[in-house]
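Taking it in order: structure first as structure tokens, then the write-up.
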Amino acid sequence: MTTDAPWTGRKADAVDVVVIGAGHAGLAASHLLSRHGVDHVVLERGQVANAWRQERWNSLRLLTPNWQTRLPGKAYAGDDPDGFMAVPELVRFLDDYAAGLNAPVLTETTVTRVARNGDGYRVSTDRGTLQARAVVLASGACNRPSVPGIAGKLPDTVKQLTPFDYDSPDDVPAGGVLVVGASATGLQLATELLRAGRDVTLAAGEHVRIPRQYRGHDIFYWLQRCGIHDERYDQVEDLARGRRLPSPQLVGTRELDLLDLNHLAGLGARITGRLAGVRDDTLMFSGALRNVCELADLKMQRLLAQIDETADADGAPAPERYAPTQLPGPPVLTLDTRRDDIRSVIWATGFRPDYHWLDVPVLDRKGQLIHEGGVVASPGMYALGLPLMRRRKSSFIFGIEDDARDITQHLVDYLRWPFPESDARSSSWAGAASCRTTQESVLSMNNG
Amino acid sequence: MNQAEIAAQNGVNVEALLGAREALTAAPEAACFTWRVASEWKNGTHAESSVESFFGLGEEQKHVREYRYDTDHPEIFASADKGSTPVEFILVGLAGCLTAGIAAVASHRGIRLHSVTATVEADMDIQGILGIDGDVRNGFNSITVDYRVDADASEADIAALVAQSQKRSAVFDIITNPTDVHVRVNR
Ligand SMILES: Cc1cc2nc3c(=O)[nH]c(=O)nc-3n(C[C@H](O)[C@H](O)[C@H](O)COP(=O)(O)OP(=O)(O)OC[C@H]3O[C@@H](n4cnc5c(N)ncnc54)[C@H](O)[C@@H]3O)c2cc1C
């Protein structure tokens, strides 16, 4: 039985597909579903590109160059292909894209619960409910800053911030600041704070050091050209590790080639190892800093050597050589928040998805979605935009197209499939078995 | 498996390690181990410790036999020197752990090892333990491990081996990161 669902602008509350989230992933899914003629709606708790509007800092520019900023059916058309977009420009790009979609994007509509119901899902929102045959989780991989448990042990004298609380150095109280995390976020915020004259300590765990440009091209050009970004999830050696990889130490500007620990130390930062413990006012840092730097240097050399094979064949300019990470003297192992005047800590320790509304048993014990290349472990449920979901590029804007094509194709095949359970009841056992096999093979998605 | 592959395993059972990793990913409870040492004061600064049982894979386990270790202080501290100092034991643990890691990683990467030797040095200002200067810590100020690795691999690959073994080493982690230590007195 169907009822009116005026809040959706639709006649009925049943829809084939609900897409949750109107970031680039959900919008790309909508674009492709329309191309397949699939009936769907996109639900978004805020406005289109909500994460970019609400959760980024002011000075952020994309890490990926403009020429690479593209979605299915839309490419960058500006006059600075080698530049890096600031956030407002990307928001306009995504707004334009959303305006060109056929399906309704229902903004200011928060999904509060998704549960299995019959052959599909009941999708509850703060404005009403929908019954869907299939659901695409495009709600983002970075909904919450992940903050380690030791945060709870910091003394009250230290103000704690996450990148979600940070817009500019003005948000950070006077006095010394400890930035925890040496990925893109940590290094960018630390640099900005140093330039604003702040006393900055940077706690560095494992990190990914790469140059902005190499042999005449942006590093993202090479990662694509060498096929690294296209490497598939079922080909990478250690998938769990690949999915945990922190973002590379990069910033969207041509002016700086290596945003690395050497650069930060040069600007006056105190570099320590990972923040490993807190005892009263004492912060304790790992003594493994040398090794994480050595690992990062070795990995950078290995990546550049891999690029060299292609670059040599392409006749690219001679390779640049980079000095190893140089740590000034033995690393600091402890700091006293009072004596050393650490007044604030910024947790640049990564982000994680938030699925508290997902009432379907598809999360593992660490709260991560269980899926095979984006095909979630519940029939008719799909994901998009997760790290290394189907390819190394899965979490990037330019990476969504191939994934969204695969996923929508799988979804369309799933919707077309006559419901096997009702068929099976009326047919022979053999028929039921073959039915199941076909559905399983659809679910296992071997479209290499 | 051909001869070269067998040799490249360096006596490490790579399949078993990978199998264990897979099994423990599926059953993380079984990955919780408890290690034990029993220790008894002998005389002076001499103590004898023994190791035999441990808990892991969900049940009690035993080494193939009991191992005994003496710790004492050297004669310059007016001790009987019945064994190495406890701090040297830490270094024994570090070297043992890193070297085992190098062998395991090398085998996993198909690198044949010919020889792996290490010297470990740790600096300590004993004004700390003697309570002469409260600003001096009791423990090591720094530890240096020097490896010599002869293997069928490039210099960069050997450096990567040694770096990776630190990344996966329990003792390296124990030494470089703080640990909650609870010393109780029982009747
Ligand atoms: C700091 C930072 C910098 C980045 N820089 C780049 C870059 O330079 N280049 C690049 O290619 N990628 C970059 N990324 C990665 C990636 O492109 C972004 O994370 C991007 O926002 C992901 O898009 P998405 O559509 O998957 O998710 P999101 O943009 O997070 O969109 C998900 C949407 O779902 C909505 N939503 C969530 N839960 C609900 C709910 N319960 N109900 C309704 N709606 C919901 C959210 O409001 C949001 O609008 C960056 C990421 C971060 C965090």
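The values are calculated or read from the model by the stated rules, or taken from the named source; none is laboratory data. Computed from a predicted structure; not experimentally measured. Heads up, the Cβs are rebuilt from the backbone with ideal geometry, glycines too, and the neighbour counts pull from every protein chain shown. Quick note on the areas: whole protein, heavy atoms, side chains included, nothing else; ligands and nucleic acids left out. Shrake-Rupley method; radii C 1.70, N 1.55, O 1.52, S 1.80 Å.
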- Item | Those residues of the stretch B:149-187 for which accessible area with every protein chain present is at least 40 Å² below the isolated value (1.4 Å probe) | B:Ala163, B:Lys167, B:Thr176, B:Asn177, B:Pro178
- Across the residues of B:10-23, average count of Cβ atoms on other protein chains within 10 Å? 0
- Message: For chain A, set up a GNM with springs between Cα atoms under 10 Å and report which of A:Asp170, A:Asp281, A:Asp341 has the largest fluctuation.
- Response: A:Asp170
- Fraction of antiparallel bridges per DSSP, the stretch A:149-347 only, in percent to nearest 5: 35 percent
- chymotrypsin sites (Phe, Trp or Tyr not before Pro) within the stretch A:133-230: DSSP coil, no more than 15 neighbouring Cβ in 10 Å: none
- Note on the structure: Rounded to the nearest 10, the angle in degrees between the Cα long axis of helix A:289-314 and the longest principal axis of the Cα atoms of chain A comes to 70 degrees
- In chain A the accessible area split gives carbon plus sulfur, as whole percent at 1.4 Å, a share of 48 percent
- Helix-only CD estimate at 222 nm, as mean residue ellipticity for chain B, using -39500 (n - 2.57) per DSSP H run (n ≥ 4): -10500 deg cm²/dmol
- What accessible area per residue, rounded to a whole number of Å², is obtained for the stretch A:1-106 using a probe radius of 1.4 Å? 43 Å²
- Item | Chains A and B, summed buried accessible surface - 1.4 Å probe, Å², nearest 100 | 1300 Å²
- Skip the ligands, DNA and RNA, and give the accessible area per residue of chain B with a 1.4 Å probe, whole Å². 68 Å²
- With both partners inside chain B, how many of the DSSP beta bridges are antiparallel, as a percent to the nearest 5? 95 percent
- Mind checking the dipole of the stretch B:22-77: about its Cα centre, +1 per Lys or Arg Cβ, -1 per Asp or Glu Cβ, Debye to the nearest 20? 40 debye
- Item | Global geometry of the stretch A:238-361, whether rounded, prolate or oblate, following the gyration tensor of its Cα atoms and the 1.5 cut on a/c | oblate
- Accessible carbon and sulfur surface of the stretch B:33-72 relative to its total accessible area, %, 1.4 Å: 51 percent
- Local net charge near A:Ser168, Cβ-Cβ under 13 Å (Lys/Arg +1, Asp/Glu -1): -2
- Please give the per residue accessible area of the stretch A:264-320, computed with a probe of 1.4 Å over protein heavy atoms only, in Å². 44 Å²
- Which entries in B:Lys42/B:Lys167; A:Lys153/A:Lys393; A:Lys366/A:Lys393; A:Lys299/B:Lys62; B:Lys62/B:Lys82 show an alpha-carbon gap greater than 30 Å? B:Lys42/B:Lys167; A:Lys153/A:Lys393; A:Lys299/B:Lys62
- Query: Remind me, relative contact order of chain A in percent, using alpha carbon pairs under 8 angstrom and six or more residues apart?
  - Reply: 20 percent
- Antiparallel DSSP beta bridges within the protein assembly as shown, percent to nearest 5: 60 percent
- What average number of partner chain Cβ atoms lie no more than 10 Å from the Cβ of the residues making up A:285-295? 5
- Query: In deg cm²/dmol, rounded to 500, what helix-only [θ] at 222 nm does chain A give when every DSSP H run of at least 4 residues adds -39500 (n - 2.57) and the total is split over its residues?
  - Reply: -8500 deg cm²/dmol
- Task: Restrict the search to the stretch A:185-250; then list the GluC sites (Glu not before Pro) that DSSP places in a loop and that have at most 11 other Cβ atoms within 10 Å of their Cβ.
- Result: A:Glu237
- Item | For the stretch A:1-155: rounded, prolate or oblate by the Cα gyration tensor [a/c cutoff 1.5] | oblate
- Size of the stretch B:33-72 along its principal axes in angstrom, Cα-based, largest extent first? 39, 17, 10
- If you place +1 on the Cβ of every Lys and Arg, -1 on the Cβ of every Asp and Glu, and leave all else neutral, what size is the dipole of the protein assembly as shown about its Cα centre, to the nearest 20 Debye? 1340 debye
- On Cα atoms only, tilt of B:155-167 relative to the major axis of chain B in degrees: 50 degrees
- Message: For a protection proxy built on the mean count of beta-carbon atoms within 10 angstrom, sort B:73-83, A:283-293 highest first, please.
- Response: A:283-293, B:73-83
- What is the helix-to-structure angle for A:24-35, meaning the angle in degrees between its Cα long axis and the longest Cα principal axis of chain A, kept from 0 to 90 and rounded to the nearest 10? 30 degrees
- Message: With unit charges on the beta carbons (Lys and Arg positive, Asp and Glu negative) and the dipole taken about the Cα centre of the stretch A:149-347, which residue among A:Leu258, A:Ala318, A:Ala296 sits farthest to the positive side?
- Response: A:Ala296
- Item | About the Cα centre, charge dipole magnitude for chain B (Lys/Arg +1, Asp/Glu -1 at Cβ), debye | 440 debye
- Message: Net charge within 14 Å of A:Gly83 by Cβ-Cβ distance, Lys/Arg positive one each and Asp/Glu negative one each, not counting A:Gly83 itself?
- Response: -3
- Message: Please give me, ordered by residue number, the trypsin sites (Lys or Arg not before Pro) of the stretch B:5-67 that lie in loop per DSSP and have at most 10 other Cβ atoms within 10 Å.
- Response: B:Arg36
- Note on the structure: Taking a ≥ b ≥ c as the square roots of the Cα gyration tensor eigenvalues, with a/c under 1.5 meaning rounded and otherwise prolate when a/b beats b/c or oblate if not, chain A comes out prolate
- Query: Anyone know which of B:Ile129, B:Ile102, B:Ile111 comes out most mobile in the 10 Å Cα GNM of chain B?
  - Reply: B:Ile129
